[in-house]
Amino acid sequence: MKNTPINANIVQSVIDSFNLPAFGKATIREVVAMTNSIEKQSGEKFVRMEMGVPGLPPSQVGVQAEVEALKQGVASIYPQLDGLPELKHEASRFIKAFIDVDVPANNCVPVTGSMQGTFTSFLTCSQCDKKKDTILFIDPGFSVQKQQLVVLGCKFASFDVYHYRGEALRAKLESFLSQGNISAIIYSNPNNPGWFCLQESELQIIGELATKYDCIVLEDLAYFAMDFRK
């Protein structure tokens, strides 16, 4: 038996029980289920980050703010549709402080997470122009967003940016946009699992072509500040 931190026989047995064509093709949720089973059988604990939860303790500033909000009865009322004014104001300040972009508070709409934000954005973008019925993904990105479009009954197209970095992105992107059916372009910055951010020149290409073909650009910053590699 291999000398591994976790019993190799247990690990292999669990992987085999999922009947996957290849372990590298496992979804995040399949990895979670396998990890749970391995932990239960081996008695060993994994560092759990597969669902984007590093297990770090929450900031006490945030905890205390939640306590105060609950004391004030926030749980008994629905928030305003366009977001609480306090959150809109703080979102505007955050954007300015961390990425130096001026976005008016009125244009900041608080949501409960990136998934909810993109779901609403997809709904809006897909109804702006009847001729533009497709969302373009610059992969790698968040695969669940494609499932959201399936739920919405919207079309989508995608390509992997790996072979189209730098100026090569222009021709590839234009090959899609020139068809006239793309309503929005979405990319993650940084992305999962590549963990790289698009370069300034690449962002400029996206901006120029989006302007040329009248497309909306959606930048998913769910993994904000995790650009470990370029």
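The values are calculated or read from the model by the stated rules, or taken from the named source; none is laboratory data. Not measured: the values here are computed from a predicted model. Virtual Cβ from ideal backbone geometry, glycine too; neighbours counted across all protein chains shown.
Could you run through segment 92-109 and say how many residues are in a loop (DSSP other than H, G, I, E, B) and either surrounded by fewer than 17 Cβ atoms within 10 Å (Cβ to Cβ) or at positive phi (or both)? Of the residues in segment 92-109, 6 are in a loop (DSSP other than H, G, I, E, B) and either surrounded by fewer than 17 Cβ atoms within 10 Å (Cβ to Cβ) or at positive phi (or both).
Answer yes or no as to whether residue 70 is closer than 27 Å to residue 148 by Cβ, part of a helix (DSSP H, G or I) and modelled with pLDDT of 90 or more. No.
Among residues of segment 12-33 that are under 21 Å from residue 142 (Cα atoms), those with a beta-carbon under 7 Å from a residue that is at pLDDT below 90 and of a type in the set (D, E, K, R) at least six positions away or on a different chain give the pairs 28/50; 31/50; 32/50. When you look at residue 122, is it surrounded by 17 or more Cβ atoms within 10 Å (Cβ to Cβ) and under 19 Å from the mean Cα position of the chain (by Cα), yes or no? When the stated conditions are applied, residue 122 passes them. Being modelled with pLDDT of 95 or more and assigned to a helix (DSSP H, G or I) is not true of residue 185.
The single residue among 85, 79, 58, 54 that is modelled with pLDDT of 90 or more and out of contact with any Cys (no Cβ under 7 Å at 6 or more places or on another chain) turns out to be 85. Would you please list the contacts, defined by Cβ atoms under 6 Å and residues six or more apart or on different chains, that run from a residue in segment 36-49 that is more than 13 Å from residue 15 (Cα to Cα) and in contact (Cβ under 8 Å) with a residue 24 or more places away in the chain to a residue that is among the aliphatic types (A, V, I, L, M) and outside any helix (DSSP H, G or I)? These pairs meet every condition: 42/6; 44/6. In this structure, does residue 41 turn out to be part of a helix (DSSP H, G or I), at pLDDT 85 or above and under 28 Å from residue 143 (Cα atoms)? For residue 41, the condition - part of a helix (DSSP H, G or I), at pLDDT 85 or above and under 28 Å from residue 143 (Cα atoms) - is not met.
Just one of the listed residues (139, 160) is within 13 Å of the chain's Cα centre (by Cα) and over 15 Å from residue 125 (Cα atoms), and it is 139.
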